1. Just checking: which of the helices (runs of 4 or more DSSP H) contained wholly in the stretch 192-302 hold 1 or more residues that are farther than 30 Å from HIS165 by Cβ and open to solvent by 10 Å² or more (accessible area, probe 1.4 Å)?
2. Would a scan of the stretch 207-221 turn up a residue that is of a type in the set (A, V, I, L, M, F, W, C) and within 30 Å of THR381 (Cβ to Cβ)?
3. Scan the stretch 314-325 for residues that are in contact with a helix residue (DSSP H, G or I) (Cβ under 7 Å, 6 or more places away or on another chain), open to solvent by 10 Å² or more (accessible area, probe 1.4 Å) and assigned to a helix (DSSP H, G or I) and jot them down.
4. Scan the stretch 110-128 and report the pairs whose first residue is over 24 Å from ARG378 (Cα atoms) and whose second residue is of a type in the set (Asp, Glu) and part of a loop (DSSP other than H, G, I, E, B), with Cβ atoms within less than 7 Å and a gap of 6+ or a chain change.
5. Only one of (1) open to solvent by 10 Å² or more (accessible area, probe 1.4 Å); (2) in a helix (DSSP H, G or I); (3) at pLDDT below 50 is not met by ASP503, so which one is it?
6. Identify, from the list VAL44, VAL97, the residue that is modelled with pLDDT of 90 or more and in contact with a strand residue (DSSP E or B) (Cβ under 8 Å, 6 or more places away or on another chain).
7. Check ILE190, ILE83 and return the single one that is of a type outside the set (Phe, Trp, Tyr) and either modelled with pLDDT under 90 or more than 30 Å from ALA222 (Cβ to Cβ) (or both).
8. If you scan the stretch 12-45, which residues turn out to be closer than 16 Å to LEU87 by Cα, out of contact with any Gly (no Cβ under 7 Å at 6 or more places or on another chain) and surrounded by 16 or more Cβ atoms within 10 Å (Cβ to Cβ)?
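The values are calculated or read from the model by the stated rules, or taken from the named source; none is laboratory data. The model shown is predicted, which means the values in this text are computed figures rather than measured ones. Glycine also receives a Cβ, built like all others from the backbone with ideal geometry; neighbour counts cover every protein chain displayed. Please note that ligands, DNA and RNA were not included when accessible areas were found on the heavy atoms of the full protein model with its side chains. Shrake-Rupley method; radii C 1.70, N 1.55, O 1.52, S 1.80 Å.
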Amino acid sequence: MEITNNWILPALILVPFIAGFACWLVDKIDQHLPRYIALVGMLVTLGLTISLWHSGTYNYQLGVSAPEWAAQFKIEWIKTLGINIHLAVDGLSLLMVGLTALLGVLAVGCSWGEIQKNVGFFHLNLLWSLGGVIGVFLAIDMFLFFFFWEMMLVPIYFLIALWGHSGADGKSRVYAATKFFIYTQVAGLIMLVGILGLVIAGYMMGGGIEFGYTHLMAVANALDANPATSSFAYALMICLFIGFAVKLPVFPLHGWLPDAHAQAPTAGSVDLAGILIKTAAYGLLRFVIPFFPAASAQFADIAIILGLIGIFYGAVCAFQQTDMKRLLAYTSISHMGFVLLALYAGNILTFQGLMIMMLAHGLSSAALFIMCGQVYERLHTRDLRLMGGIRGQFQYLPFFLMFFVSALVGIPGLGNFIGEFLILMGSFGKFPLFTILAAVSLVFAGLYGLILIHKALFGTPNEEQKQHYASPLKDLNAREIGLLLVCAIGLIWLGLYPQTFLDVSNSSMAWLANSFTPTQDVADAVQQIATQQNVEIQ
């Protein structure tokens, strides 16, 4: 099928890159100019995503062997190695790009008053990290995917190292940034081993050197379905899984996350919690599950057990935190355990629930990290032991804090509840015990949510902190309320009318659920894919 290039796809990546570079260039002219350029750049990116939503069709046809892309862009890059600049979008990637663009706007908005030094270079790094994330969601050439996967890490390192906060525990922002970089770089190296293993396997099968998505999926499926090579396929699957698991993060590979969140600036935390860890869930959905259905089914029990450990471990650690941002960081570890349960239950309900959960968690966690920055600006601390009694001193801040904590813990009527409900309902038939344990963990989520609200808002102000309090304390301004309202409206929309998003992602999730069928029929499907791609299966 001939590809009609859709120029919106490269524009989605290039606009943040160009806007970020322009921010850096004009920094010496006016300190405020980079903020406006960054905001316009992300608004344009969001507008392009909305236009792509309206212009694309997202239908699923039974029997297809690859996703039905709504739009594609492909030009040759390194022809001798079979590497192309191949971008494509379906319902899954479209919603992820939309979330990235929206949270990018919020990240620029929440850093408006916080960042006062090297404003242009800050926005260069922020927008380049967002452009890299969008590249991850759009690239279906595996070399190009890996390029964006690694590229987006460098700007985030600088965001934490240059504009982060030194933690109350004495750990520096440079320590946190270095720890984040080492974790993710090692994971990326392991992922690269898996990708190159697939490329070499495809070459040995007679398919030539190629990094294309459909070609490598045919190679992976062939290895996965053949008993003689299934152990090799399992090893490659583990390589890709580890690469994504560190970023998710999966217990016990989560060590970088609490420090990175605690020391990152507010925009960096929005980027990390709202977007970056979603790239890992996307990678597992896009590559691991459809490439290795049999190996994934074999690995399912281990993955879900790791996810359940992470759910309870994250919740228990959240109870023990006194730093507001570290508490929220551990809640992210806890919630991401549901991702593994949804992935390896492997049906349309859990996949759709995962889609809603990623969107809802992105909005609720981003909003809470924005509020951490707002609280710090007013109280000059994130230590919950030094807070208390501020409920009566604000008109708007307590309402929004309670609203987003309620969303995070899964109150019905908001998006997180819909995602968790679909995941639990879809996984019960296949993993009843694991599902019951995951449902029990929701009680823990309610507890740490109540602890956060009680320590921050109720009681009496701490005597040690009173000298920092103005009288009265400055409430949220119009910009800050606007940022939080965007998240609140999105969560209510997801909670009351999730069908809007389920319809868009249904095509992608139906194909993924159909591909996750490690039965005897897989061999026939693999042979069909391989024939289409001219891959000789030994």
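1. It comes to 213-225, 230-247.
2. No: zero hits.
3. Those that are in contact with a helix residue (DSSP H, G or I) (Cβ under 7 Å, 6 or more places away or on another chain), open to solvent by 10 Å² or more (accessible area, probe 1.4 Å) and assigned to a helix (DSSP H, G or I): CYS317, PHE319.
4. GLY120/ASP27; PHE121/ASP27
5. For ASP503, the failing item is (3).
6. VAL97
7. Just one listed residue meets the conditions, ILE83.
8. Within the stretch 12-45, LEU12 is the sole residue that qualifies.
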